[in-house]
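Novice: To start, I am sharing the structure in question, which I have written as structure tokens.
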Amino acid sequence: MITDQTVFATVATILVFLGLFSMFYSRNLLKTIVSFQIVVFGANLALFSSGLGQASNLMANTLVLFSIVAGASVEAVGLALIVLVHRAYGTLDPWKIRRLKH
Amino acid sequence: MAAEIALLLCAALLITVIAAIFSKSMSVTIIMLFYASLVLGIIFTIYQGVVIGLVHITTFAGAMSVMLLTVVLMTGETKLDIGNRTLAALLAAITILVVAASSYSLFTGAPSSPQTATQPATDIFSFIWMFRPWDLLILIIIFAAAMIAVVNLLSSKEARA
């Protein structure tokens, strides 16, 4: 019997691994931020699904709220860093930035 | 809630996320990420997580999409052109479908409970619970209209002329 919790937990795992895969293989820092957001989506869904089978899911909801705020803050800082990196190096390709550094 | 609805929403979530990851155009990536945020917010909302659904939609579909778009426009690094009007029209049609599905799920779910005598009258956030379907629907329509405008702005100049 497939329950909602099982479906959400499976999709959350897929989202986290998709995000990590994209984060490692992207050649653009903006795509890295997008991948990070997908990982945050997976984490939020996993936290939310953990509270589905219980009588009160207030703890899970609180953790999701915390995760949303933390993820959005990290993403905002990452975007600001991307603007600074683009001003300094003129590119968003991490491999080119690495070469330009030396 | 039936597992079929969960499967349907999760399929929509996975499709939008995969499209966001593997898209060549950054505009399509941002628009697909917007849809993914919206679908995840709808999942939270219909599974009794109304507040986090609202916060999720406001934060990720609203603020983060705008911030990503601003950074893309500031850096000018990536290809922004969507390509043609057909794809833009398709994205707009998907937006309208999402709005229709959201309104259906919001208005056919559990009825919004009016403020009862057991709840304190001084609760300043009680209006959120009383008008829950309406404010969420209005929020989704506003975001969808904004994304249709973005799609229209970013479609190719040659096709628009």
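Novice: Return one number: the angle in degrees, 0 to 90 and rounded to the nearest 10, between the long axis of the Cα atoms of helix A:4-25 and the longest principal axis of the Cα atoms of chain A.
Specialist: Approximately 10 degrees, to the nearest ten.
Novice: Shifting gears a bit: What order do you get for B:I18, B:I43 when you list them from fewest to most C-beta neighbours inside 10 Å?
Specialist: Arranged by neighbour count, lowest to highest, B:I18, B:I43 become B:I18, B:I43.
Novice: What is the average number of partner chain Cβ atoms found within 10 Å of a Cβ in B:51-60?
Specialist: Details: counts 3, 11, 3, 0, 5, 9, 0, 2, 6, 8.
For peptide B:51-60, the averaged partner shielding equals 5.
Novice: In addition: Order these by the 10 Å Cβ neighbour count, fewest first: A:D4, A:D93.
Specialist: The fewest-first ordering by Cβ neighbours comes to A:D93, A:D4.
Novice: Here is a follow-up. What does the helix-only formula give at 222 nm for chain A: each DSSP H stretch with n ≥ 4 adding -39500 (n - 2.57), the total divided by the residues, and the result rounded to the nearest 500 deg cm²/dmol?
Specialist: Computed ellipticity for chain A at 222 nm equals -28500 deg cm²/dmol.
Novice: I would also like to ask the following. How big is D, in µm² s⁻¹, for region A:3-66 by Stokes-Einstein at 20 °C and 1.002 mPa s if Rh is the Kirkwood radius over C-alpha pairs?
Specialist: 175
Values quoted throughout were computed directly from the atomic coordinates according to the rules given, and no laboratory measurement underlies them. Note that the coordinates shown come from a computational prediction; the quantities given were computed from them, not determined experimentally. Glycine also receives a Cβ, built like all others from the backbone with ideal geometry; neighbour counts cover every protein chain displayed.
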